[in-house]
Amino acid sequence: MSGASTDLFLRTLQTTACLPAPGAAAGATLQRWRALAALAAQDLAACKLAEAHWDALTILQDLGVQPPPQARIWSVWAAENPWARLQLQSAAQGLELVGSKSWCSGAQITTHALLTCEDAEHGPRFAMVDMGAPGIAIDSQGWQALGMRHVQTPQVHFAHTPAISLGARSVYLQRPGFWHGGAGIAACWYGAACEIAQLLRTRLHADQPHAAAHLGAMFTQLRAARAMFHQLAQRIDAAPGQPWVEEVQALRAFVRGLASDIIERSARAMGPGPLCTDAQHAQRCADLAVWCTQQHAEKDDADLGRLSQAPAVAWEL
């Protein structure tokens, strides 16, 4: 873990213990997303850790679960790896985790985690684990990333580790907040993309018409995404019990596209200089390129295409 990113994350938690849940009050959703975007503009690694912590608190609130008093740093590990299975088994003293969990970002500093697993009958489950419990081993050898290199994302092995079941995996996936949280991650991407564009904005000279054209294209995309965020935030605030799946999927796809385009346009407009001499800018571009892959490209686009066929979905202006 990078010391600077971890320090920023820990300082952020000291000043902002939690964020308002999406739809908790008028303006709460946009307030939450603005906080995520602002932190992402500073440091995407710190933002990734903070977003997961705040998301876990929102999940627990949605489920009506009181966090343990000793919990300080939360993570949410819900990615599935068919070659690394994690089972929730019955034991004499309760329930325990046996197996491995991949893609556990921040495992080295996490005190408590929410994670997906399966029971003995291979039914999907959702559980809570104290990372100070016995039987936990963290394996970071497989994480060789350059982008997001300051957020170690190891595999965690559990050997009869005590855990608490929060129910079927559906209690996590079928919440409206699952989708609202997905839009919050897009706000993180937006914040970093905006900061990349700002570098060109501050360095642009009058005799650089082609660079100005790239900046104009960036501004157009960011303005469109900004309008999407504002509209979706208003809808969530007005009807927080609705997942707004189509709008969230469309927003995530659009922001992923603009992030990739802004990274490319930035390099075309300014050349290799910033990528070779500005470590913060180079790391931000690399981090954003990696994190955006959480939007599953054509797979998510295909899901959205199917959703958009519903008669209730409006296409007209």
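The values are calculated or read from the model by the stated rules, or taken from the named source; none is laboratory data. Predicted model, so just to flag it, every value in this text is computed and none were measured. Cβ sites come from the backbone with ideal geometry, for glycine too, and all protein chains shown count toward neighbours.
Within segment 109-124, one or more residues are in contact (Cβ under 8 Å) with a residue 60 or more places away in the chain and over 13 Å from Thr161 (Cβ atoms). The sole residue among Ala107, Ala186, Ala197 that is out of contact with any Phe, Trp or Tyr (no Cβ under 6 Å at 6 or more places or on another chain), aliphatic (A, V, I, L, M) and outside any helix (DSSP H, G or I) is Ala107. Of the helices (runs of 4 or more DSSP H) lying entirely inside segment 225-317, those containing at least 1 residues that are surrounded by fewer than 15 Cβ atoms within 10 Å (Cβ to Cβ) and hydrophobic (A, V, I, L, M, F, W, C) are 273-277, 279-291, 297-307. Say whether the condition of being touching a strand residue (DSSP E or B) at 6+ places or on another chain (Cβ under 8 Å) and modelled with pLDDT of 95 or more is met by at least one residue in segment 172-183. Checking segment 172-183: at least one residue is touching a strand residue (DSSP E or B) at 6+ places or on another chain (Cβ under 8 Å) and modelled with pLDDT of 95 or more. Evaluated against (1) within 30 Å of Ala197 (Cα to Cα); (2) assigned by TED's automatic domain parsing to the domain that holds Cys285, Ser105 falls short on exactly one condition, (2). Here Leu39, Leu13, Leu95, Leu30 are screened, and the one residue that is assigned by TED's automatic domain parsing to the domain that holds His160, in contact (Cβ under 8 Å) with a residue 60 or more places away in the chain and not in a loop (DSSP other than H, G, I, E, B) is Leu95. Within segment 119-168, restricting attention to residues that are among the charged types (D, E, K, R) and in a loop (DSSP other than H, G, I, E, B), which residue is surrounded by the most Cβ atoms within 10 Å (Cβ to Cβ)? Of everything passing the filter in segment 119-168, Arg149 is surrounded by the most Cβ atoms within 10 Å (Cβ to Cβ).
Of all the listed residues (Arg223, Arg203, Arg268, Arg235), the sole one being among the basic types (Lys, Arg) and under 28 Å from Thr58 (Cα atoms) is Arg235.
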